[in-house]
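Asker: Here it is, the structure in full.
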Amino acid sequence: MKRKYYAIPYTVWMLVLIVAPMLLILYYAFTGQADGVFTLENIRAALDPLYLKVLGRSVWLALIATVICFALGYPIAYILSRMSGRKAAILSMLFIVPMWMNFLLRTYAWMTLLDTNGLINQLVTSLGMKRLQLMNTQGAVVVGMVYNYLPFMILPIYNILQKMPRSNIEAAQDLGANGFQVFTRVVFPLSLPGVISGITMVFVPTITTFAISRLLGGSQFMLYGDLIETQFISIGQANGGWNVGAALSCIMMVLVLLCMAVTNRFDKGGEGGTLL
Amino acid sequence: MSKKKYGALKTFFIVLMLIFMYAPIIVLIFYSFNESRTMANWGGFSLKWYAALLKDRDIMEALKVTLSVAVLSSLAATVLGTTAAIGINSMKKRSRSLIMSATNLPVINPDLVTGVSLMFMFSLLAVPQGYTRLLLAHITFNIPYVILSVLPKLRQTSDLYYEAALDLGATPSYALRKVILPQIMPGILSGAILAFTLSLDDFVVSFFAQQGAQNLSIYIYALARRGINPKINALSAILFVVVLTLLLTVNLMGGRDSEEYKQARRLKAERKAQKRARKAR
């Protein structure tokens, strides 16, 4: 048997459960619920100003979360990469361990901290101050996003910084660069592929999340993911929810692909983040 | 800034970030031992939420579903993904890049889109709702990760050994099993582990694709939307300990094989020998 035939079972699987389902999204987005005839009605419904506002909020919150993840993650990755092998290995593992807990449990954990009776408020009241409204705020949603996806920012940057030869830095120092210049002219530019993959690994899931916003943001802060969920689960197939939901999914897919296209232009080395 | 101050600042920052990562989990675990139902007061140490957890049929059922889907889907994905990678590796460039771009779809697509697309397909094919859908969905999003971790290992293997085996009279499938497979084993294993953990962790794809069977994520989502529940705390504590032990064992096992570890062992032994020699003198 020729070796390339080994890929046949997977190819069939892929066509049925990866490629065809994608085409189905397009089909539902561009056909009417009742008659299955081509229409742009769903797309028009998905571009409703109210929905666009939600999209704007999702992009905004995802951007904030990504920026915070970068501002915290880069220094962590940098410090870890400068440590001795054993210490760095242990510390980087410590940053990964929480990621292995169930995603919903990680989000739930913040409910116990931010709750009106939660730990932070207990501290606040024991200091004689008034209770803070922490849950059901945009801040809570952003904290949840940062907490869940920070390791995805640290890892790719750490991987690339760790592999960077020390001789690069030494050469820059020999040529008279000070510490700041070494970082801005040599280290940071060389770590860009890691930064880019970190940004995509944080931005894409945060822009599409719906559990975080539901659990930490209550119902006030609907995100694009919530909108899609409502279309599919609450409104349902019979009321055209599948069609509008498919259209919303298409818009989100286009947005994500655009982001990836922009970031891929920087990421020439194709340095993906590894989880293990 | 002096070097010492800078070093202290670095340590402070790392410690602060570790607190950020672990505080929620520790608080969660701490309150799982709380006698009282609310977090407002500490009612004393108690294991009653653990007892309640073990008695909760729904949670146990969800746990069973999650574990069995994780095991079955990662096994199936490993077999399918490894054979696929072997096939893809020997393809011509055009068909290979065609297959790989489809393979990358679930990786780059938002989970939500993957989940929704599978929901459409399952209802079109009238796949029975619940467990079957959940399992098929998990196999589907796991295969690409297995392929992506096996393919690089395949690229590193040289065809020379394989051809040598054929020259010595091995059949192609025998040579594949005895020559290629051992060489790509690390890739297969890390793919399998990755698939297993992705399956355990998944919420979004399951949420849309399954309709019926509840895995742990879906169950926790439903429960947590109604507010804080000490049973979830107990569950988190158990899961955290299990994950931590698993991770530590895997890492210690992996560490034992690594060159660095061997070298460290050798150094330690040498130092011990020197010490003994000095004492003897």
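Asker: Checking B:TYR174 against (1) at pLDDT 90 or above; (2) crowded, with 20+ Cβ neighbours inside 10 Å; (3) out of contact with any His (no Cβ under 7 Å at 6 or more places or on another chain), which test does it fail?
Answerer: (2)
Asker: For the stretch A:78-93, does any single residue satisfy the condition of being among the hydrophobic types (A, V, I, L, M, F, W, C), on the phi < 0 side of the Ramachandran plot, at pLDDT 90 or above and under 21 Å from the mean Cα position of the chain (by Cα)?
Answerer: Scanning the stretch A:78-93, I find no residue that is among the hydrophobic types (A, V, I, L, M, F, W, C), on the phi < 0 side of the Ramachandran plot, at pLDDT 90 or above and under 21 Å from the mean Cα position of the chain (by Cα), so the answer is no.
Asker: Sticking with this one: Go through the stretch B:197-218 and report how many residues are over 20 Å from the mean Cα position of the chain (by Cα), within 11 Å of another protein chain (Cβ to nearest Cβ) and surrounded by fewer than 23 Cβ atoms within 10 Å (Cβ to Cβ).
Answerer: Matching residues across the stretch B:197-218 total 1.
Asker: Within the stretch A:225-249, restricting attention to residues that are closer than 17 Å to A:LYS53 by Cα and more than 9 Å from every other protein chain (Cβ to nearest Cβ), which residue is nearest to the chain's Cα centre (by Cα)?
Answerer: Step one: of the stretch A:225-249, the residues closer than 17 Å to A:LYS53 by Cα are A:225-231, A:244-245, A:247-249.
Applying the additional criterion that residues be more than 9 Å from every other protein chain (Cβ to nearest Cβ) yields A:226-227, A:230-231, A:244, A:247-248.
Values: A:ASP226: 15, A:LEU227: 17, A:THR230: 21, A:GLN231: 22, A:VAL244: 24, A:ALA247: 21, A:LEU248: 18 Å.
Here the answer is A:ASP226.
Asker: Report the residue count in the stretch B:15-32 for those that are of a type outside the set (Ser, Thr, Tyr) and touching a Pro at 6+ places or on another chain (Cβ under 9 Å).
Answerer: In the first step, residues of the stretch B:15-32 are kept if they are of a type outside the set (Ser, Thr, Tyr); the result is B:15-21, B:23-30.
Checking the rest, the ones that are also touching a Pro at 6+ places or on another chain (Cβ under 9 Å) come to B:17, B:21, B:24-25.
Within the stretch B:15-32, residues that are of a type outside the set (Ser, Thr, Tyr) and touching a Pro at 6+ places or on another chain (Cβ under 9 Å) number 4.
Asker: Residues in the stretch A:102-109: is at least one basic (Lys, Arg) and more than 15 Å from B:PHE20 (Cβ to Cβ)? Talk me through it step by step, then tell me what you get.
Answerer: Step one: filter the stretch A:102-109 for residues basic (Lys, Arg), giving A:106.
Those left that are additionally more than 15 Å from B:PHE20 (Cβ to Cβ): none.
So far as the stretch A:102-109 goes, no, none of its residues is basic (Lys, Arg) and more than 15 Å from B:PHE20 (Cβ to Cβ).
Asker: Return the only residue of B:THR38, B:THR66 being facing chain A (nearest Cβ under 10 Å) and over 20 Å from A:LEU123 (Cβ atoms).
Answerer: Details: B:THR38 fails: over 20 Å from A:LEU123 (Cβ atoms).
The match here is B:THR66.
Asker: Give me the helices (runs of 4 or more DSSP H) completely within the stretch A:1-104, filtered to those with at least 1 residues that are aliphatic (A, V, I, L, M), facing chain B (nearest Cβ under 8 Å) and surrounded by fewer than 17 Cβ atoms within 10 Å (Cβ to Cβ), ordered by residue number. I'd like the intermediate steps shown before the answer.
Answerer: On the way: elements: A:8-14, A:20-29, A:41-46, A:49-81, A:85-96.
Those helices (runs of 4 or more DSSP H) span A:8-14, A:20-29, A:85-96.
Asker: Write out, first by first residue and then by second, each pair whose Cβ atoms fall under 9 Å of each other, whose residues are 6+ apart or on separate chains, and whose first residue, in the stretch B:1-26, is at the interface with chain A (Cβ under 10 Å from one of its Cβ atoms) while the second is among the hydroxyl-bearing types (Ser, Thr, Tyr) and surrounded by 11 or more Cβ atoms within 10 Å (Cβ to Cβ).
Answerer: B:PHE20/A:TYR147; B:MET21/A:TYR147; B:PRO24/A:TYR108; B:PRO24/A:THR112; B:PRO24/A:TYR147; B:ILE25/B:SER236
Asker: If you don't mind, there's one more thing I want to ask. Quick one: which residue in A:GLN181, A:GLN162 is part of a helix (DSSP H, G or I) and modelled with pLDDT of 90 or more? If you could, list the steps in order and put the result at the bottom.
Answerer: Values: A:GLN162 fails: modelled with pLDDT of 90 or more.
The match here is A:GLN181.
Asker: Then there is this: Test of understanding: among B:THR38, B:THR11, which residue is over 21 Å from B:SER217 (Cβ atoms), polar (S, T, N, Q) and outside any helix (DSSP H, G or I)? It would help to see each step written out before you state the result.
Answerer: Numbers: B:THR11 fails: outside any helix (DSSP H, G or I).
Step by step, each of B:THR38, B:THR11 is checked, and only B:THR38 is over 21 Å from B:SER217 (Cβ atoms), polar (S, T, N, Q) and outside any helix (DSSP H, G or I).
Asker: Also, quick follow-up: Please specify each residue of the stretch A:206-224 satisfying the condition of being more than 7 Å from chain B (Cβ to nearest Cβ) and part of a helix (DSSP H, G or I).
Answerer: A:THR206, A:ILE207, A:ILE212, A:SER213, A:LEU216, A:GLY217, A:TYR224
Asker: Condition first: outside any helix (DSSP H, G or I) and either surrounded by fewer than 15 Cβ atoms within 10 Å (Cβ to Cβ) or in contact with a Phe, Trp or Tyr (Cβ under 6 Å, 6 or more places away or on another chain) (or both). Can you find one or more residues in the stretch B:104-118 that meet it? Outline the logic, then answer.
Answerer: Filtering the stretch B:104-118 down to residues outside any helix (DSSP H, G or I) leaves B:109-110.
Now narrow it down to the ones that are either surrounded by fewer than 15 Cβ atoms within 10 Å (Cβ to Cβ) or in contact with a Phe, Trp or Tyr (Cβ under 6 Å, 6 or more places away or on another chain) (or both): none.
Checking the stretch B:104-118: not a single residue is outside any helix (DSSP H, G or I) and either surrounded by fewer than 15 Cβ atoms within 10 Å (Cβ to Cβ) or in contact with a Phe, Trp or Tyr (Cβ under 6 Å, 6 or more places away or on another chain) (or both).
Asker: Give the stretch B:101-122 a look and list any residue that's among the hydrophobic types (A, V, I, L, M, F, W, C) and touching a residue at least 40 places away in the same chain (Cβ under 8 Å), or say none. Don't jump to the end; show me each part of the working.
Answerer: Here is the first cut: in the stretch B:101-122, the ones among the hydrophobic types (A, V, I, L, M, F, W, C) are B:102, B:105, B:107-108, B:112-113, B:116, B:118-122.
The answer is B:VAL107, B:LEU112, B:VAL116, B:LEU118, B:MET119, B:PHE122.
Asker: Just to check your reading of the model, which residue among B:LEU198, B:LEU189 is over 27 Å from B:TYR31 (Cα atoms) and modelled with pLDDT under 90? Steps first, please.
Answerer: On the way: B:LEU189 fails: modelled with pLDDT under 90.
Sole residue among the options that is over 27 Å from B:TYR31 (Cα atoms) and modelled with pLDDT under 90: B:LEU198.
Asker: Now for a separate question. Can you name the number of the only condition in (1) crowded, with 22+ Cβ neighbours inside 10 Å; (2) at pLDDT 90 or above that B:PRO230 fails?
Answerer: Unmet for B:PRO230, out of (1) crowded, with 22+ Cβ neighbours inside 10 Å; (2) at pLDDT 90 or above: (2).
Asker: If a residue has to be in contact (Cβ under 8 Å) with a residue 24 or more places away in the chain and over 20 Å from the mean Cα position of the chain (by Cα) to count, how many in the stretch A:127-164 make the cut? Full working, then the answer.
Answerer: Keep residues of the stretch A:127-164 that are in contact (Cβ under 8 Å) with a residue 24 or more places away in the chain, which gives A:135-138, A:140-162, A:164.
Then drop every residue that is not over 20 Å from the mean Cα position of the chain (by Cα), which leaves A:135-136, A:161-162, A:164.
Result for the stretch A:127-164: 5.
Asker: Of all residues in the stretch A:105-128, which are more than 7 Å from chain B (Cβ to nearest Cβ), surrounded by fewer than 20 Cβ atoms within 10 Å (Cβ to Cβ) and in contact with a helix residue (DSSP H, G or I) (Cβ under 9 Å, 6 or more places away or on another chain)?
Answerer: A:ILE120
The values are calculated or read from the model by the stated rules, or taken from the named source; none is laboratory data. These numbers were taken from a predicted model, which means no experiment stands behind them. In this analysis, Cβ positions are derived from the backbone assuming ideal geometry, glycine residues included, and neighbour counts consider all displayed protein chains.
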